[in-house]
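The structure under discussion appears below in the form of structure tokens.
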Amino acid sequence: MEPQWLQWAKRLQAMAQNGLTFAENPFEIERYEAIQEIALEMMAEGAQTDITQLRDIFLADVGYATPKVDVRGVVFRDDALLLVKERRDGGWTLPGGWADIGDSPSDAVVREIDEESGYKTRVIKLLAVYDRNKHNYYVPSPHHIYKLFFQCEVLSGSATTSIETEDVAFFPEHDIPKQLSLGRTTQAQIKRMFEHYRNPDFQTDYD
């Protein structure tokens with residue numbers, strides 16, 4: 001699970017951001033800015049990272065603080081699952097990424113699959129909605145994230161890499177790569193997606 005210090009820091013950051021959204025009194029604004037700085041210092045110290053990078057991330061995010069939405073495509077062909085290899089960390093993952101403003105969740109996942117793998121797809125079913133904090137991710141995130149897993153079927157296209165991916169392949173369950181991009185996809189989630197594939201009557205998972 002996510003370390004407790006990071007959960008506290010993210011909650012403080014969200015309270016500060018929400019306070020700055022609505023505060024008008026200059027003394028309140030000053031207090032919320034101080035709370036925000038404390039939250040960023042906690043994150044930087046705990047993660048041993050540069051606080052300037054964290055400031056850039058959060059100061060660009062204005063308005064009421066809400067979870068970010070990450071969409072993942074679950075695409076099977078001949079009992080094998082589509083994975084893409086990330087250039088950034090060399091790990092394999094379900095294709096996907098942040099949902100963009102203006103996209104519906106299903107539009108976002110279809111776009112991400114196309115951009116990262118070269119395959120045109122359509123959504124069949126929402127398999128899972130997970131709170132990232134409640135799952136065993138080994139890479140901490142400064143954001144609170146909801147992850148949406150959509151089963152999709154291939155309509156056309158062929159394996160094509162991108163600026164984000166260096167390889168694209170389908171893997172049977174017994175041959176899933178050991179090196180996963182663990183900030184994006186876990187072994188447990190891949191196992192669960194195969195269970196959904198074998199049991200199409202399963203209801204959508206949710207936290």
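When residue 7 is tested against (1) in a helix (DSSP H, G or I); (2) under 30 Å from residue 166 (Cβ atoms), only condition (2) is not met.
Taken over region 1-36, residues that are surrounded by 13 or more Cβ atoms within 10 Å (Cβ to Cβ) and out of contact with any His (no Cβ under 7 Å at 6 or more places or on another chain) amount to 24.
Of the residues that make up region 187-194, is at least one among the hydrophobic types (A, V, I, L, M, F, W, C) and touching a helix residue (DSSP H, G or I) at 6+ places or on another chain (Cβ under 9 Å)? Yes; the residues of region 187-194 include at least one that is among the hydrophobic types (A, V, I, L, M, F, W, C) and touching a helix residue (DSSP H, G or I) at 6+ places or on another chain (Cβ under 9 Å). Checking the structure you have, find out if any residue of region 67-78 is more than 27 Å from residue 15 (Cβ to Cβ) and either in a helix (DSSP H, G or I) or free of Cβ contacts under 8 Å to residues at least 60 places away in the same chain (or both). Within region 67-78, not a single residue is more than 27 Å from residue 15 (Cβ to Cβ) and either in a helix (DSSP H, G or I) or free of Cβ contacts under 8 Å to residues at least 60 places away in the same chain (or both).
Has region 109-132 got any residue that is modelled with pLDDT under 95 and under 30 Å from residue 22 (Cα atoms)? Yes: region 109-132 contains one or more residues that are modelled with pLDDT under 95 and under 30 Å from residue 22 (Cα atoms). Checking each residue in region 149-166 for being hydrophobic (A, V, I, L, M, F, W, C) and assigned to a loop (DSSP other than H, G, I, E, B) picks out 159, 163. Of 63, 19, all but one fail to be touching a helix residue (DSSP H, G or I) at 6+ places or on another chain (Cβ under 8 Å), farther than 30 Å from residue 191 by Cβ, assigned to a helix (DSSP H, G or I) and small (Gly, Ala, Ser); the exception is 19.
Looking at region 171-204, which of its residues are under 18 Å from residue 126 (Cβ atoms), of a type in the set (Val, Ile, Thr) and not in a helix (DSSP H, G or I)? Result: 185, 204.
The values are calculated or read from the model by the stated rules, or taken from the named source; none is laboratory data. All values reported here derive from a predicted model rather than from experimental measurement. Every residue, glycine as well, gets a Cβ built from its backbone with ideal geometry; the counts of neighbours run over all protein chains shown.
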